[in-house]
Amino acid sequence: MKNLKMLFLLGISGFMLVGCNNATNENGNEFDNSKNINLYTRDTTSGTRDGFFTKIGLESAKTDDSKIKSTVGQTASNSDMLVKVQNDVYGLGYASLASVFEDQTGKIKGLEYEGVKASEETVLSGDYKLTRNFNYIIRNDYAEGDKKGIVVKAFVAFMFSKDGQRIMKEADGILNISGKDWTEVAKEYTTVLEDTTLNFEIKVGGSISVQKMSQKLTDSFTSLLKSKNIKFTHNHGGSGDAYKYTQGKDKDSTQAIDIAFLSRELKSSEPAAEGTSGKMCVDAIVPVVNSKNTYSKTTANELVAMYSVNGKNDAGTDVGNFTKWSDVIK
């Protein structure tokens, strides 16, 4: 009888110890804190990756996989990132705010960052700090008077008119609308806007994150042209394509681009010609987990402690080395 009693007590103790590793989320499901944190990232050419690691204080990792843990999984796009986290209860990644808002699965949860929830209002107020700019760049080698070059410049002018800014806002860009209406701006470009004889292709590419916005902009601009033989064709391979195929080493290759977009800043190794690039609007990057996860708020230091290979940020501060959910869920 004594042995049976002892076994019973040991069993209760063991159950209580296991229970300590569990937490109940808002859906009433148990989440096992003792499990490893399964991290995901974008590839080294991604503007989303650039913005994420730069803002959390681990800029050295934006193009260098050796700066993050070898177990971090790589994803091809915002949508691929969300699918990975949707299917991994113990996963953590990051994605564009628009992608998180558009998720209809109910399996994704965006985390507060440094005590602030990502929204258009908190981004515009400057309270939400995990942001990046959407930028553009165009070719700089059109001959003087080249009609194609003038159409490209007219498109950029349209993009920054109130009409173009409204389209960017409707396509999830974050900005305050200002400036002139397109009807006023268009007066400078009547020679190409009203020319029915124009016949050429304008190639558009760059950031996948900006693709939806750029397609809406070109579709709207095309409707303003009298010529129906000007075609905007899109081939978005990532922010790394933007400079390379407009003004960089492959600007004259078969993959050359006329107008390109970036979801990051141009690098010092990407010296755009004056007047050929600029900021369009702002986007927020949101750390995401599976909706079954009880983790709801994060910080730059916690994210560095999860991703960094040595537990240090770029300032050399030791922020810890987090590998299990129990490291951040107390």
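The values are calculated or read from the model by the stated rules, or taken from the named source; none is laboratory data. From a predicted model like this one, the values you see are computed outputs, not experimental measurements. Virtual Cβ from ideal backbone geometry, glycine too; neighbours counted across all protein chains shown. Protein only, heavy atoms only, side chains kept; ligands, DNA and RNA dropped before computing areas. Shrake-Rupley method; radii C 1.70, N 1.55, O 1.52, S 1.80 Å.
Here segment 238-280 yields Rg over Rh of 0.92, to two decimals, using C-alpha coordinates and the Kirkwood radius. Measuring with a 1.4 angstrom probe and ignoring ligands and nucleic acids, M168 comes out at about 0 Å² accessible. Note on segment 145-300: Rg/Rh from C-alpha atoms, Kirkwood Rh, equals 1.03.
A convex hull fitted to the Cα coordinates of segment 22-179 yields 158 cubic angstrom per residue.
Counting only the Cα atoms, segment 236-330 fills a convex hull of 171 Å³ per residue. Note on segment 82-139: semi-axes of the ellipsoid equivalent to its C-alpha gyration tensor, largest first and rounded to whole Å, are 23, 17, 10. Roughly what % of DSSP beta bridges within the chain run antiparallel, to the nearest 5? Percent antiparallel among DSSP bridges in the chain is about 65. Annotation for T196 and K249: the two label points, set 7 Å from Cα along the Cα-Cβ direction, are 4.7 nm apart. Mean separation of Cα pairs under 8 Å and 6 or more residues apart, divided by the residue count, gives the chain a relative contact order of 28 percent. Taking amide H positions as modeled 1.01 Å from N, with prolines and chain starts lacking one, the residues under 5 Å from K324 and 5 or more places away or on another chain are I37.
Net charge dipole, the chain: roughly 780 debye, given to the nearest 20, about the Cα centre with Cβ charges of +1 for Lys and Arg and -1 for Asp and Glu. Solvent exposure of E121, expressed as accessible area, is near 130 Å², computed with a probe of 1.4 Å over the protein chains only.
From helices alone, the chain scores -9000 deg cm²/dmol at 222 nm; the rule is -39500 (n - 2.57) for each run of n ≥ 4 DSSP H residues, then divide by the residue total.
Using C-alpha pairs below 8 Å separated by at least 6 residues, the relative contact order for segment 246-330 is 16 percent. Using a cut-off of 23 Å between Cα atoms, the listed pairs K35/K55; K84/K324; K147/K226 include K35/K55 as exceeding that distance.
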